[in-house]
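A short worksheet on the structure shown next.
Any read-out appearing in this document is the output of simple, stated calculations on the displayed coordinates, not a laboratory observation. Predicted model only: the values in this text are computed from it and were never measured. Here the Cβ positions follow ideal geometry from the backbone for every residue, glycine too, while neighbour counts run over all protein chains shown.
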Amino acid sequence: MREANRIVSLILDELGTNVKPGVPTILFEEICRARCEEHGVRPAFLGYQGFPFALCCSVNEEIVHGFPSKDRILKEGDIVSFDMGVVYEGFYGDSARTFAVGAVTREAERLMDVTRESLTIGIEQAVPGNNLYDISAAIQSYVEGAGFGIVRRFVGHGIGSHLHEKPEIPNFVPKGMAGIPLKAGMVLAIEPMVTVGTHEVEVLEDNWTAVTKDRKLSAHFEHTVAVTSDGPMILSLSE
Ligand code: MG
Ligand code: MG
């Protein structure tokens, strides 16, 4: 899983360096597939429940599961979220980041900062003896305290020899439910999706692309994290 996630973070690094105005988002899919082939790994999302791409590429009000496209040209002021996973020798890596396209509004900057920081704050809770929902509560209170919305429709997940394993990891505390205790050896994909406005989601007619109901901006950061007796170990950390 360390190797799978190392490759994911390398590819995300490269995608990030190619983010600029004028670029069609299909370019990122092409880079992603080429690098997977070079590293001898399988893209985890391609064909997953019928998803037609290796990369989720979500621009502005798109939250997750956006399609890369030759017709979608990035423009100055956009923000773009890349979410990708690979399978290495049967084990999965999964990570996501949001990038600014050129100069963006202060609000967009702040959205990205708060989302990234909420992931860091959530990860700090991923220690043995804590409850799973300590992660959820930390993310939710930070995001809502900053005046943003936290998406409920999509959640993080356990990860290992499958892309999505138990438990679900909500970025909010579900009412009336008890989380499980965290133990060393668990590996969690923690992935807050944060919105400027409402946290409510709509899915477009392509049956995949999830957008904010009010069409305001959304950002997404994700790491695959091992719970260890020495604390949280981020496997998808960029070099
Ligand atoms: Mg992901
Ligand atoms: Mg994930």
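Assorted remarks:
- For region 1-78, the dipole from Cβ point charges (+1 on Lys and Arg, -1 on Asp and Glu) about the Cα centre works out to 160 debye, to the nearest 20.
- Most mobile listed residue (205, 117, 61) in the chain, GNM with C-alpha springs under 10 Å: 205
- Computed over neighbours whose Cβ is under 14 Å from that of residue 56, the net charge equals -4, Lys and Arg +1, Asp and Glu -1.
- The GNM of the chain, with springs linking C-alpha atoms under 10 angstrom apart, assigns the highest mean-square fluctuation among 24, 68, 192 to 24.
- Straight Cα distances below 18 angstrom link residue 166 to the aspartates and glutamates 94, 134, 191, 222, with same-chain residues fewer than 8 positions distant left out.
- Helix-only mean residue ellipticity at 222 nm for the chain, each DSSP H run of n ≥ 4 adding -39500 (n - 2.57), per residue, nearest 500: -8500 deg cm²/dmol
- In this Cβ point-charge picture (+1 for Lys and Arg, -1 for Asp and Glu), the chain has a dipole of about 220 debye about its Cα centre.
- Likely footprinting exposure, 12, 119, fewest C-beta neighbours within 10 Å first: 12, 119
- Between residue 124 and residue 27, the C-beta separation translates, for a Förster distance of 45 Å, into a calculated FRET efficiency of about 0.80.
- Taking other Cβ atoms within 10 Å as a rough exposure proxy, 84, 1 sort from fewest to most as 1, 84.
- Farthest toward positive dipole pole in the chain [+1 Lys/Arg, -1 Asp/Glu at C-beta], among 217, 173, 125: 173
- Straightening the chain between residue 20 and residue 162 buys 47.8 nm, computed as 0.36 nm per residue apart minus the Cα-Cα spacing.
- If the segment from residue 238 to residue 152 were pulled out straight at 0.36 nm per residue, it would be longer than the present Cα-Cα gap by 28.3 nm.
- Annotation: the antiparallel percentage among DSSP beta bridges lying fully within the chain is about 100.
- Put the Cα centre of region 132-154 next to the Cα centre of region 21-71 and the gap is 27 Å.
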